[in-house]
Amino acid sequence: MMLGQVWPTRGEVRVCGHDVMLRRTLALRQVGAIFESPAFYDYLSGWRNLEILSHYTAPTSRQRLQEVIDWVGLTGRERSIVRTYSHGMRARLALAQALLPQPTLLILDEPGDGLDPEGIHEMRETILRLHRELGLTILLSSHLLNEVEQLCTQIGVIRKGRKVFEGPTAHALQSRNWLRITVPDFAAADRFLRQEGLIDESRDGRCVAMSEGIRSDVIIRRLVEGSFQVSEVARDEQTLEDFYLSLMRR
Amino acid sequence: MFCLQLRNELWKLFGKKRTYIGFFMFLFAQNVIALVFRFTQASKPMQRMLEMSGHLAEPFISVLTIATIMLVPAAAFLLPLYVALVGGDLVAKEAEDGTLRMILSRPVSRFRLLVVKWVAGCIFSLLLVLALGVFGLAFSRLYFPWGGMFVWLPEHGIFGVFEAQTGLVRYVAGHLMLVTEAASIMCLALLFSCFNVKPAAATILALSLTFVSFIMEHIPYFKDYQNWFFTYHLHLWQFMFAEKIPWWRIGQSLSLLVGFNATFLAIGMASFHIRDIKS
(Lines give C-alpha, C1' and ligand atoms only; values in the text may rest on other atoms or scores of the structure.)
Protein backbone atom coordinates (compact mmCIF):
# COMPACT_ATOMS: atom_id res chain seq x y z
CA MET A 1 0.00 0.00 0.00
CA MET A 2 2.90 2.34 0.77
CA LEU A 3 4.18 1.76 -2.76
CA GLY A 4 0.77 2.24 -4.34
CA GLN A 5 0.42 -1.39 -5.38
CA VAL A 6 -2.62 -2.15 -3.26
CA TRP A 7 -5.53 0.25 -3.03
CA PRO A 8 -6.75 1.17 0.45
CA THR A 9 -10.45 0.79 1.18
CA ARG A 10 -10.26 4.13 2.95
CA GLY A 11 -7.77 6.57 4.41
CA GLU A 12 -4.57 7.81 2.86
CA VAL A 13 -0.90 6.81 2.80
CA ARG A 14 1.67 9.59 2.84
CA VAL A 15 5.30 8.86 1.96
CA CYS A 16 7.91 11.61 2.11
CA GLY A 17 5.08 14.09 2.59
CA HIS A 18 3.09 13.08 -0.49
CA ASP A 19 -0.10 11.07 -0.85
CA VAL A 20 0.91 7.83 -2.59
CA MET A 21 -2.48 7.36 -4.24
CA LEU A 22 -2.75 10.87 -5.60
CA ARG A 23 0.89 11.85 -6.19
CA ARG A 24 2.62 8.54 -6.58
CA THR A 25 5.46 9.81 -8.74
CA LEU A 26 6.43 12.45 -6.22
CA ALA A 27 5.95 10.19 -3.23
CA LEU A 28 8.16 7.39 -4.57
CA ARG A 29 10.86 9.51 -6.18
CA GLN A 30 13.25 8.97 -3.28
CA VAL A 31 12.11 5.56 -2.20
CA GLY A 32 13.83 2.22 -2.73
CA ALA A 33 12.14 -1.10 -2.02
CA ILE A 34 13.05 -4.75 -1.65
CA PHE A 35 10.52 -7.57 -1.43
CA GLU A 36 10.73 -10.94 0.30
CA SER A 37 11.42 -12.77 -2.95
CA PRO A 38 12.85 -10.26 -5.41
CA ALA A 39 12.02 -11.12 -9.00
CA PHE A 40 14.20 -10.25 -11.96
CA TYR A 41 14.33 -10.85 -15.68
CA ASP A 42 16.29 -14.07 -15.33
CA TYR A 43 17.22 -14.20 -19.00
CA LEU A 44 18.97 -10.81 -18.84
CA SER A 45 22.20 -9.80 -17.12
CA GLY A 46 22.31 -8.18 -13.70
CA TRP A 47 23.50 -4.97 -15.31
CA ARG A 48 20.59 -4.94 -17.79
CA ASN A 49 18.12 -5.63 -14.98
CA LEU A 50 19.45 -2.67 -13.04
CA GLU A 51 19.25 -0.45 -16.10
CA ILE A 52 15.67 -1.49 -16.81
CA LEU A 53 14.44 -0.99 -13.25
CA SER A 54 16.30 2.25 -12.57
CA HIS A 55 14.98 3.89 -15.74
CA TYR A 56 11.48 3.71 -14.32
CA THR A 57 12.65 6.28 -11.77
CA ALA A 58 15.05 8.44 -13.78
CA PRO A 59 17.84 8.08 -16.35
CA THR A 60 20.80 6.51 -14.56
CA SER A 61 24.42 6.91 -15.62
CA ARG A 62 26.73 3.96 -16.14
CA GLN A 63 28.97 5.41 -13.45
CA ARG A 64 26.16 5.34 -10.92
CA LEU A 65 25.31 1.77 -11.89
CA GLN A 66 28.92 0.71 -11.40
CA GLU A 67 29.11 2.54 -8.07
CA VAL A 68 26.11 0.67 -6.70
CA ILE A 69 27.30 -2.66 -8.08
CA ASP A 70 30.63 -2.11 -6.32
CA TRP A 71 28.85 -1.11 -3.11
CA VAL A 72 26.75 -4.27 -2.94
CA GLY A 73 29.71 -6.46 -3.94
CA LEU A 74 28.52 -7.75 -7.29
CA THR A 75 31.53 -6.51 -9.22
CA GLY A 76 32.65 -9.04 -11.81
CA ARG A 77 29.28 -10.76 -12.02
CA GLU A 78 27.17 -7.87 -13.24
CA ARG A 79 27.31 -9.05 -16.85
CA SER A 80 26.25 -12.61 -16.00
CA ILE A 81 22.71 -13.76 -16.64
CA VAL A 82 20.63 -13.47 -13.46
CA ARG A 83 19.52 -17.11 -13.86
CA THR A 84 23.06 -18.09 -12.82
CA TYR A 85 22.98 -16.01 -9.60
CA SER A 86 22.86 -17.60 -6.17
CA HIS A 87 20.14 -16.58 -3.70
CA GLY A 88 22.56 -14.27 -1.92
CA MET A 89 23.59 -12.60 -5.18
CA ARG A 90 19.95 -12.03 -6.08
CA ALA A 91 19.46 -10.41 -2.68
CA ARG A 92 22.42 -8.13 -3.42
CA LEU A 93 21.02 -7.31 -6.84
CA ALA A 94 17.71 -6.46 -5.18
CA LEU A 95 19.56 -4.14 -2.85
CA ALA A 96 21.40 -2.56 -5.77
CA GLN A 97 18.17 -1.79 -7.65
CA ALA A 98 16.72 -0.27 -4.49
CA LEU A 99 19.77 1.95 -3.98
CA LEU A 100 20.03 3.20 -7.56
CA PRO A 101 17.59 6.11 -7.27
CA GLN A 102 19.63 7.39 -4.29
CA PRO A 103 16.71 6.95 -1.92
CA THR A 104 16.23 8.63 1.42
CA LEU A 105 13.78 5.94 2.46
CA LEU A 106 14.36 2.24 1.95
CA ILE A 107 11.44 -0.16 2.38
CA LEU A 108 12.48 -3.72 3.11
CA ASP A 109 9.76 -6.35 3.10
CA GLU A 110 10.97 -9.56 4.74
CA PRO A 111 14.51 -9.14 3.36
CA GLY A 112 15.83 -12.26 5.09
CA ASP A 113 13.12 -14.55 3.76
CA GLY A 114 14.53 -17.67 2.15
CA LEU A 115 18.14 -16.91 3.10
CA ASP A 116 20.35 -19.36 4.96
CA PRO A 117 21.82 -18.30 8.35
CA GLU A 118 24.92 -16.96 6.60
CA GLY A 119 22.79 -15.00 4.18
CA ILE A 120 20.64 -13.62 6.99
CA HIS A 121 23.78 -12.50 8.82
CA GLU A 122 25.08 -10.84 5.65
CA MET A 123 21.76 -9.12 5.04
CA ARG A 124 21.67 -7.86 8.63
CA GLU A 125 25.18 -6.48 8.35
CA THR A 126 24.30 -4.83 5.05
CA ILE A 127 21.23 -3.16 6.52
CA LEU A 128 23.28 -1.81 9.40
CA ARG A 129 25.91 -0.63 6.93
CA LEU A 130 23.26 1.12 4.85
CA HIS A 131 22.13 3.04 7.86
CA ARG A 132 25.66 3.77 9.04
CA GLU A 133 27.30 4.71 5.72
CA LEU A 134 24.44 6.13 3.69
CA GLY A 135 22.32 7.49 6.51
CA LEU A 136 19.14 5.99 5.07
CA THR A 137 15.86 5.73 6.90
CA ILE A 138 14.96 2.07 6.67
CA LEU A 139 11.47 0.68 7.07
CA LEU A 140 11.76 -3.03 7.76
CA SER A 141 8.75 -5.29 7.68
CA SER A 142 9.43 -8.70 9.16
CA HIS A 143 7.98 -11.58 11.13
CA LEU A 144 11.46 -12.49 12.40
CA LEU A 145 11.25 -10.59 15.67
CA ASN A 146 14.81 -11.25 16.76
CA GLU A 147 15.94 -9.62 13.50
CA VAL A 148 13.72 -6.63 14.20
CA GLU A 149 15.10 -6.45 17.74
CA GLN A 150 18.67 -6.38 16.44
CA LEU A 151 18.08 -3.91 13.64
CA CYS A 152 15.34 -1.45 14.47
CA THR A 153 15.37 1.63 16.65
CA GLN A 154 11.65 2.29 16.28
CA ILE A 155 8.95 -0.33 15.89
CA GLY A 156 5.30 -0.43 15.00
CA VAL A 157 3.01 -3.38 15.56
CA ILE A 158 -0.08 -3.94 13.46
CA ARG A 159 -2.85 -6.23 14.58
CA LYS A 160 -5.77 -7.02 12.29
CA GLY A 161 -4.98 -3.99 10.16
CA ARG A 162 -4.74 -1.57 13.07
CA LYS A 163 -1.63 -0.12 14.63
CA VAL A 164 -1.48 -1.23 18.26
CA PHE A 165 1.97 0.08 19.11
CA GLU A 166 4.50 2.56 17.82
CA GLY A 167 7.57 3.67 19.68
CA PRO A 168 11.25 3.07 20.38
CA THR A 169 12.36 -0.55 20.46
CA ALA A 170 14.10 0.12 23.77
CA HIS A 171 10.77 1.13 25.24
CA ALA A 172 9.13 -2.09 24.06
CA LEU A 173 11.95 -4.15 25.55
CA GLN A 174 11.88 -2.34 28.85
CA SER A 175 10.34 -4.75 31.35
CA ARG A 176 8.74 -3.60 34.54
CA ASN A 177 11.64 -4.59 36.81
CA TRP A 178 10.73 -8.23 36.56
CA LEU A 179 12.83 -10.58 38.62
CA ARG A 180 12.94 -14.33 38.14
CA ILE A 181 13.38 -16.13 41.44
CA THR A 182 13.68 -19.82 42.12
CA VAL A 183 12.49 -20.95 45.55
CA PRO A 184 10.91 -24.26 46.68
CA ASP A 185 7.51 -22.59 47.39
CA PHE A 186 6.98 -19.70 44.99
CA ALA A 187 3.39 -19.04 46.14
CA ALA A 188 4.52 -18.53 49.76
CA ALA A 189 7.38 -16.28 48.67
CA ASP A 190 4.97 -14.27 46.51
CA ARG A 191 2.58 -13.76 49.46
CA PHE A 192 5.46 -12.81 51.74
CA LEU A 193 6.91 -10.22 49.35
CA ARG A 194 3.46 -8.68 48.71
CA GLN A 195 2.86 -8.36 52.47
CA GLU A 196 6.22 -6.64 52.74
CA GLY A 197 5.17 -4.25 49.94
CA LEU A 198 8.19 -5.18 47.85
CA ILE A 199 6.40 -6.45 44.74
CA ASP A 200 3.29 -5.42 42.79
CA GLU A 201 2.54 -8.59 40.85
CA SER A 202 3.81 -11.99 39.80
CA ARG A 203 3.48 -14.29 36.81
CA ASP A 204 4.30 -17.72 35.42
CA GLY A 205 4.99 -19.07 38.95
CA ARG A 206 8.53 -17.74 38.85
CA CYS A 207 8.61 -14.01 38.12
CA VAL A 208 7.82 -11.04 40.34
CA ALA A 209 7.52 -7.34 39.44
CA MET A 210 9.43 -5.21 41.93
CA SER A 211 7.63 -2.18 43.35
CA GLU A 212 8.78 1.30 42.44
CA GLY A 213 12.16 2.10 44.08
CA ILE A 214 12.81 -1.45 45.24
CA ARG A 215 16.09 -3.02 44.17
CA SER A 216 16.78 -6.74 43.69
CA ASP A 217 19.25 -6.97 46.61
CA VAL A 218 16.43 -5.90 48.98
CA ILE A 219 14.20 -8.69 47.66
CA ILE A 220 16.94 -11.28 48.05
CA ARG A 221 17.81 -10.13 51.58
CA ARG A 222 14.20 -10.22 52.78
CA LEU A 223 13.62 -13.65 51.25
CA VAL A 224 16.69 -15.01 53.01
CA GLU A 225 15.63 -13.34 56.26
CA GLY A 226 12.19 -14.93 55.76
CA SER A 227 13.89 -18.35 55.62
CA PHE A 228 13.19 -18.96 51.95
CA GLN A 229 15.80 -21.11 50.20
CA VAL A 230 16.71 -18.90 47.26
CA SER A 231 18.60 -20.96 44.67
CA GLU A 232 18.48 -18.51 41.74
CA VAL A 233 17.70 -14.85 41.12
CA ALA A 234 17.97 -13.21 37.71
CA ARG A 235 16.68 -10.12 35.96
CA ASP A 236 13.86 -11.21 33.60
CA GLU A 237 14.62 -9.53 30.26
CA GLN A 238 11.62 -9.04 28.00
CA THR A 239 12.19 -10.02 24.38
CA LEU A 240 10.44 -8.38 21.48
CA GLU A 241 8.58 -11.65 21.05
CA ASP A 242 7.22 -11.38 24.61
CA PHE A 243 6.21 -7.82 23.92
CA TYR A 244 4.58 -8.73 20.62
CA LEU A 245 2.69 -11.65 22.09
CA SER A 246 1.47 -9.53 24.98
CA LEU A 247 0.07 -7.06 22.44
CA MET A 248 -1.60 -9.81 20.44
CA ARG A 249 -3.24 -11.30 23.54
CA ARG A 250 -4.89 -8.05 24.53
CA MET B 1 12.60 8.91 -20.41
CA PHE B 2 9.83 7.43 -22.55
CA CYS B 3 12.36 6.32 -25.16
CA LEU B 4 14.57 4.77 -22.50
CA GLN B 5 11.62 2.90 -21.04
CA LEU B 6 10.55 1.76 -24.50
CA ARG B 7 14.08 0.56 -25.23
CA ASN B 8 14.02 -1.39 -21.97
CA GLU B 9 10.65 -2.89 -22.83
CA LEU B 10 12.06 -4.05 -26.15
CA TRP B 11 15.07 -5.56 -24.38
CA LYS B 12 12.71 -7.48 -22.16
CA LEU B 13 10.58 -8.56 -25.09
CA PHE B 14 13.38 -9.61 -27.40
CA GLY B 15 15.45 -11.12 -24.59
CA LYS B 16 12.86 -13.92 -24.31
CA LYS B 17 13.16 -16.95 -26.56
CA ARG B 18 9.40 -17.32 -27.00
CA THR B 19 9.26 -13.96 -28.74
CA TYR B 20 11.07 -15.53 -31.67
CA ILE B 21 8.69 -18.48 -32.12
CA GLY B 22 6.69 -16.53 -34.71
CA PHE B 23 9.76 -15.58 -36.70
CA PHE B 24 11.02 -19.17 -36.77
CA MET B 25 7.64 -20.59 -37.70
CA PHE B 26 7.28 -18.14 -40.59
CA LEU B 27 10.73 -19.14 -41.69
CA PHE B 28 9.75 -22.80 -41.59
CA ALA B 29 6.19 -22.55 -42.96
CA GLN B 30 7.04 -20.29 -45.88
CA ASN B 31 9.96 -22.45 -46.87
CA VAL B 32 7.78 -25.57 -46.83
CA ILE B 33 4.97 -23.90 -48.81
CA ALA B 34 7.40 -22.60 -51.43
CA LEU B 35 8.95 -26.08 -51.72
CA VAL B 36 5.56 -27.74 -52.17
CA PHE B 37 4.66 -25.25 -54.90
CA ARG B 38 7.96 -25.85 -56.63
CA PHE B 39 8.08 -29.62 -56.56
CA THR B 40 4.40 -30.59 -56.96
CA GLN B 41 1.60 -29.82 -59.38
CA ALA B 42 0.07 -27.36 -56.90
CA SER B 43 0.43 -24.40 -59.26
CA LYS B 44 -1.50 -26.09 -62.11
CA PRO B 45 -5.00 -24.88 -61.08
CA MET B 46 -3.60 -21.37 -60.86
CA GLN B 47 -2.17 -21.65 -64.37
CA ARG B 48 -5.54 -22.88 -65.69
CA MET B 49 -7.35 -19.99 -64.02
CA LEU B 50 -4.96 -17.46 -65.58
CA GLU B 51 -5.24 -19.03 -69.01
CA MET B 52 -9.03 -19.11 -68.80
CA SER B 53 -9.00 -15.39 -68.08
CA GLY B 54 -6.86 -14.76 -71.15
CA HIS B 55 -3.45 -14.33 -69.52
CA LEU B 56 -0.25 -16.12 -70.22
CA ALA B 57 0.30 -18.17 -67.06
CA GLU B 58 4.07 -18.53 -67.01
CA PRO B 59 5.08 -14.89 -66.23
CA PHE B 60 2.72 -14.87 -63.26
CA ILE B 61 3.89 -18.05 -61.55
CA SER B 62 6.44 -15.87 -59.85
CA VAL B 63 7.98 -14.77 -56.57
CA LEU B 64 5.23 -12.23 -55.87
CA THR B 65 2.38 -14.62 -56.64
CA ILE B 66 3.73 -17.40 -54.45
CA ALA B 67 4.63 -14.98 -51.65
CA THR B 68 1.09 -13.57 -51.68
CA ILE B 69 -0.49 -17.03 -51.66
CA MET B 70 1.61 -17.90 -48.62
CA LEU B 71 0.52 -14.68 -46.98
CA VAL B 72 -3.18 -15.60 -46.80
CA PRO B 73 -3.04 -18.58 -44.39
CA ALA B 74 -0.20 -17.03 -42.42
CA ALA B 75 -2.21 -13.83 -41.89
CA ALA B 76 -5.36 -15.77 -41.01
CA PHE B 77 -3.94 -18.25 -38.53
CA LEU B 78 -0.27 -17.88 -37.65
CA LEU B 79 -0.01 -14.13 -37.27
CA PRO B 80 -2.92 -13.85 -34.76
CA LEU B 81 -1.41 -16.68 -32.75
CA TYR B 82 2.03 -15.11 -32.35
CA VAL B 83 0.89 -11.57 -31.69
CA ALA B 84 -1.66 -12.84 -29.16
CA LEU B 85 1.10 -14.84 -27.49
CA VAL B 86 3.25 -11.75 -27.06
CA GLY B 87 0.35 -9.41 -26.20
CA GLY B 88 -0.92 -11.86 -23.58
CA ASP B 89 2.51 -11.95 -21.98
CA LEU B 90 3.10 -8.22 -21.77
CA VAL B 91 1.46 -7.61 -18.40
CA ALA B 92 0.28 -11.03 -17.18
CA LYS B 93 3.72 -12.65 -17.43
CA GLU B 94 5.31 -9.82 -15.47
CA ALA B 95 2.60 -10.12 -12.82
CA GLU B 96 3.11 -13.89 -12.67
CA ASP B 97 6.91 -13.63 -12.44
CA GLY B 98 6.76 -10.89 -9.80
CA THR B 99 8.68 -8.34 -11.85
CA LEU B 100 5.58 -6.13 -12.05
CA ARG B 101 5.90 -5.53 -8.31
CA MET B 102 9.50 -4.50 -8.80
CA ILE B 103 8.49 -2.03 -11.50
CA LEU B 104 5.56 -0.63 -9.60
CA SER B 105 7.69 0.10 -6.57
CA ARG B 106 9.14 2.82 -8.79
CA PRO B 107 7.60 6.22 -9.43
CA VAL B 108 6.12 5.22 -12.76
CA SER B 109 2.38 5.45 -13.37
CA ARG B 110 0.46 2.39 -14.48
CA PHE B 111 -0.86 4.42 -17.40
CA ARG B 112 2.62 5.15 -18.66
CA LEU B 113 3.75 1.59 -18.13
CA LEU B 114 0.87 0.27 -20.19
CA VAL B 115 1.44 2.79 -22.98
CA VAL B 116 5.11 1.75 -23.15
CA LYS B 117 4.07 -1.90 -23.33
CA TRP B 118 1.49 -1.17 -26.00
CA VAL B 119 4.04 0.65 -28.16
CA ALA B 120 6.51 -2.21 -27.69
CA GLY B 121 3.76 -4.66 -28.72
CA CYS B 122 3.06 -2.58 -31.83
CA ILE B 123 6.75 -2.58 -32.74
CA PHE B 124 6.80 -6.35 -32.35
CA SER B 125 3.71 -6.63 -34.59
CA LEU B 126 5.39 -4.47 -37.22
CA LEU B 127 8.58 -6.53 -37.14
CA LEU B 128 6.67 -9.80 -37.34
CA VAL B 129 4.74 -8.62 -40.39
CA LEU B 130 7.97 -7.35 -41.90
CA ALA B 131 9.52 -10.79 -41.35
CA LEU B 132 6.48 -12.42 -42.92
CA GLY B 133 6.86 -10.27 -46.01
CA VAL B 134 10.62 -10.56 -46.33
CA PHE B 135 10.73 -14.33 -45.70
CA GLY B 136 7.90 -14.79 -48.22
CA LEU B 137 9.84 -13.00 -50.92
CA ALA B 138 13.14 -14.61 -49.99
CA PHE B 139 11.91 -18.22 -50.04
CA SER B 140 9.83 -17.75 -53.16
CA ARG B 141 12.87 -16.25 -54.88
CA LEU B 142 14.82 -19.43 -54.13
CA TYR B 143 12.50 -21.49 -56.34
CA PHE B 144 10.60 -19.08 -58.61
CA PRO B 145 11.54 -16.35 -61.05
CA TRP B 146 10.80 -12.67 -60.64
CA GLY B 147 7.70 -11.61 -62.58
CA GLY B 148 4.14 -10.33 -62.50
CA MET B 149 1.73 -10.89 -59.66
CA PHE B 150 -1.51 -12.85 -59.73
CA VAL B 151 -3.85 -12.69 -56.73
CA TRP B 152 -7.17 -14.45 -56.28
CA LEU B 153 -9.09 -13.84 -53.03
CA PRO B 154 -12.60 -15.14 -53.72
CA GLU B 155 -14.02 -14.04 -50.36
CA HIS B 156 -13.76 -10.40 -51.36
CA GLY B 157 -14.10 -11.00 -55.08
CA ILE B 158 -10.51 -9.98 -55.71
CA PHE B 159 -8.91 -11.15 -58.92
CA GLY B 160 -5.81 -9.10 -59.59
CA VAL B 161 -3.14 -9.37 -62.27
CA PHE B 162 -0.28 -6.88 -61.95
CA GLU B 163 3.05 -6.06 -63.54
CA ALA B 164 6.03 -6.91 -61.30
CA GLN B 165 6.59 -3.29 -60.26
CA THR B 166 2.94 -2.62 -59.35
CA GLY B 167 2.73 -6.04 -57.74
CA LEU B 168 5.63 -5.24 -55.44
CA VAL B 169 4.04 -1.94 -54.42
CA ARG B 170 0.76 -3.76 -53.69
CA TYR B 171 2.65 -6.44 -51.76
CA VAL B 172 4.33 -3.81 -49.56
CA ALA B 173 1.06 -1.90 -49.11
CA GLY B 174 -0.72 -5.15 -48.18
CA HIS B 175 1.85 -5.78 -45.47
CA LEU B 176 1.55 -2.25 -44.16
CA MET B 177 -2.18 -2.83 -43.76
CA LEU B 178 -1.51 -6.23 -42.23
CA VAL B 179 0.26 -4.44 -39.39
CA THR B 180 -3.15 -3.09 -38.33
CA GLU B 181 -4.44 -6.66 -38.01
CA ALA B 182 -1.41 -7.77 -36.01
CA ALA B 183 -1.44 -4.71 -33.74
CA SER B 184 -5.20 -4.99 -33.13
CA ILE B 185 -5.04 -8.63 -32.04
CA MET B 186 -1.99 -7.84 -29.94
CA CYS B 187 -3.96 -5.01 -28.31
CA LEU B 188 -6.87 -7.38 -27.60
CA ALA B 189 -4.46 -9.81 -25.93
CA LEU B 190 -2.93 -6.93 -23.99
CA LEU B 191 -6.41 -6.03 -22.73
CA PHE B 192 -6.88 -9.54 -21.28
CA SER B 193 -3.32 -9.48 -20.01
CA CYS B 194 -4.27 -6.54 -17.80
CA PHE B 195 -6.81 -8.66 -15.93
CA ASN B 196 -5.74 -10.85 -13.07
CA VAL B 197 -5.18 -13.92 -15.28
CA LYS B 198 -2.32 -16.14 -16.35
CA PRO B 199 -0.50 -15.17 -19.56
CA ALA B 200 -1.76 -18.29 -21.36
CA ALA B 201 -5.33 -17.41 -20.40
CA ALA B 202 -4.93 -13.90 -21.84
CA THR B 203 -3.59 -15.35 -25.11
CA ILE B 204 -6.36 -17.95 -25.33
CA LEU B 205 -9.07 -15.39 -24.55
CA ALA B 206 -7.80 -13.05 -27.27
CA LEU B 207 -7.59 -15.86 -29.83
CA SER B 208 -10.99 -17.21 -28.84
CA LEU B 209 -12.62 -13.83 -29.26
CA THR B 210 -10.90 -13.37 -32.63
CA PHE B 211 -12.00 -16.78 -33.85
CA VAL B 212 -15.56 -16.35 -32.54
CA SER B 213 -15.75 -13.07 -34.42
CA PHE B 214 -14.33 -14.80 -37.51
CA ILE B 215 -16.87 -17.61 -37.28
CA MET B 216 -19.80 -15.24 -36.81
CA GLU B 217 -18.60 -13.10 -39.67
CA HIS B 218 -18.73 -16.15 -41.93
CA ILE B 219 -22.22 -17.31 -41.00
CA PRO B 220 -24.20 -16.37 -44.12
CA TYR B 221 -27.24 -15.26 -42.09
CA PHE B 222 -25.16 -12.66 -40.28
CA LYS B 223 -24.03 -10.99 -43.50
CA ASP B 224 -26.03 -7.83 -42.71
CA TYR B 225 -24.18 -7.45 -39.42
CA GLN B 226 -20.66 -8.03 -40.70
CA ASN B 227 -19.71 -4.45 -39.92
CA TRP B 228 -20.05 -5.17 -36.24
CA PHE B 229 -17.51 -7.94 -36.22
CA PHE B 230 -13.95 -7.14 -35.23
CA THR B 231 -12.38 -9.55 -37.72
CA TYR B 232 -14.33 -8.09 -40.65
CA HIS B 233 -12.15 -4.99 -40.35
CA LEU B 234 -8.94 -6.96 -40.00
CA HIS B 235 -9.07 -8.12 -43.64
CA LEU B 236 -8.44 -4.70 -45.08
CA TRP B 237 -4.93 -5.69 -46.17
CA GLN B 238 -6.53 -7.93 -48.79
CA PHE B 239 -8.06 -4.90 -50.53
CA MET B 240 -4.57 -3.73 -51.41
CA PHE B 241 -4.60 -6.49 -54.04
CA ALA B 242 -7.85 -5.38 -55.68
CA GLU B 243 -7.57 -3.96 -59.22
CA LYS B 244 -9.19 -0.79 -57.94
CA ILE B 245 -8.42 -0.22 -54.25
CA PRO B 246 -11.62 0.58 -52.29
CA TRP B 247 -10.14 3.42 -50.25
CA TRP B 248 -13.52 4.31 -48.73
CA ARG B 249 -13.93 0.80 -47.32
CA ILE B 250 -10.33 0.85 -46.08
CA GLY B 251 -10.83 4.23 -44.40
CA GLN B 252 -14.01 2.97 -42.78
CA SER B 253 -12.33 -0.17 -41.42
CA LEU B 254 -9.24 1.74 -40.32
CA SER B 255 -11.31 4.22 -38.32
CA LEU B 256 -13.24 1.37 -36.73
CA LEU B 257 -10.01 -0.43 -35.89
CA VAL B 258 -8.75 2.73 -34.21
CA GLY B 259 -11.97 2.67 -32.18
CA PHE B 260 -11.59 -1.02 -31.32
CA ASN B 261 -7.98 -0.50 -30.26
CA ALA B 262 -8.79 2.59 -28.20
CA THR B 263 -11.58 0.63 -26.47
CA PHE B 264 -9.31 -2.35 -25.76
CA LEU B 265 -6.64 -0.06 -24.40
CA ALA B 266 -9.10 1.93 -22.28
CA ILE B 267 -10.67 -1.19 -20.73
CA GLY B 268 -7.24 -2.71 -20.16
CA MET B 269 -6.02 0.51 -18.62
CA ALA B 270 -9.01 0.76 -16.27
CA SER B 271 -8.66 -2.86 -15.22
CA PHE B 272 -4.91 -2.52 -14.70
CA HIS B 273 -5.35 0.69 -12.77
CA ILE B 274 -7.82 -0.63 -10.21
CA ARG B 275 -6.27 -4.02 -9.59
CA ASP B 276 -4.09 -4.73 -6.59
CA ILE B 277 -0.61 -6.00 -7.40
CA LYS B 278 0.29 -8.63 -4.84
CA SER B 279 2.97 -11.30 -4.63
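The values are calculated or read from the model by the stated rules, or taken from the named source; none is laboratory data. Owing to the predicted nature of the structure, the values given are computational and were not obtained by experimental measurement. Virtual Cβ from ideal backbone geometry, glycine too; neighbours counted across all protein chains shown.
Assessment of region B:90-107 against the conditions (away from chain A (no Cβ under 14 Å), of a type outside the set (A, V, I, L, M) and surrounded by fewer than 22 Cβ atoms within 10 Å (Cβ to Cβ)) yields no matching residue.
Restricting A:114, A:17 to those that are within 25 Å of the chain's Cα centre (by Cα), over 24 Å from residue B:11 (Cα atoms), of a type outside the set (D, E, K, R) and modelled with pLDDT under 85 reduces the list to A:114.
Would region B:32-53 turn up any residue that is crowded, with 17+ Cβ neighbours inside 10 Å, more than 14 Å from every other protein chain (Cβ to nearest Cβ), closer than 22 Å to residue B:145 by Cα and in contact with a Leu (Cβ under 9 Å, 6 or more places away or on another chain)? Yes, region B:32-53 contains at least one residue that is crowded, with 17+ Cβ neighbours inside 10 Å, more than 14 Å from every other protein chain (Cβ to nearest Cβ), closer than 22 Å to residue B:145 by Cα and in contact with a Leu (Cβ under 9 Å, 6 or more places away or on another chain). Under the condition of being within 11 Å of chain B (Cβ to nearest Cβ), of a type in the set (Val, Ile, Thr) and touching a strand residue (DSSP E or B) at 6+ places or on another chain (Cβ under 9 Å), the residues counted in region A:1-16 number 1. Could you tell me whether any residue of region A:61-69 is surrounded by fewer than 16 Cβ atoms within 10 Å (Cβ to Cβ), within 10 Å of chain B (Cβ to nearest Cβ) and not charged (D, E, K, R)? Among the residues of region A:61-69, not one is surrounded by fewer than 16 Cβ atoms within 10 Å (Cβ to Cβ), within 10 Å of chain B (Cβ to nearest Cβ) and not charged (D, E, K, R), which makes the answer no. Per this entry, residue A:81 is counted among residues that are within 11 Å of chain B (Cβ to nearest Cβ) and either over 19 Å from residue B:103 (Cα atoms) or modelled with pLDDT of 90 or more (or both).
In region B:146-160, the residue that is surrounded by the most Cβ atoms within 10 Å (Cβ to Cβ) out of those that are out of contact with any Ser or Thr (no Cβ under 7 Å at 6 or more places or on another chain) and among the small types (Gly, Ala, Ser) is B:160.
How many of the residues making up region A:207-217 are surrounded by 16 or more Cβ atoms within 10 Å (Cβ to Cβ) and either in contact with a Lys or Arg (Cβ under 9 Å, 6 or more places away or on another chain) or not in a loop (DSSP other than H, G, I, E, B) (or both)? Selection size over region A:207-217: 4.
Examine region A:95-105 for a residue that is among the hydrophobic types (A, V, I, L, M, F, W, C), assigned to a loop (DSSP other than H, G, I, E, B) and more than 17 Å from residue A:66 (Cα to Cα), and state whether such a residue exists.
No, that holds for no residue.
Among the residues of region B:161-192, how many are under 18 Å from the mean Cα position of the chain (by Cα) and either of a type in the set (S, T, N, Q) or surrounded by fewer than 17 Cβ atoms within 10 Å (Cβ to Cβ) (or both)? Final tally of qualifying residues: 5.
Among the residues that make up region B:17-25, is at least one of them surrounded by 14 or more Cβ atoms within 10 Å (Cβ to Cβ), in contact with a Phe, Trp or Tyr (Cβ under 7 Å, 6 or more places away or on another chain) and not in a helix (DSSP H, G or I)? No, there is no match, as no residue in region B:17-25 is surrounded by 14 or more Cβ atoms within 10 Å (Cβ to Cβ), in contact with a Phe, Trp or Tyr (Cβ under 7 Å, 6 or more places away or on another chain) and not in a helix (DSSP H, G or I). Of the residues making up region B:229-279, those that are surrounded by 14 or more Cβ atoms within 10 Å (Cβ to Cβ), within 14 Å of chain A (Cβ to nearest Cβ) and not in a helix (DSSP H, G or I) are B:275, B:277.
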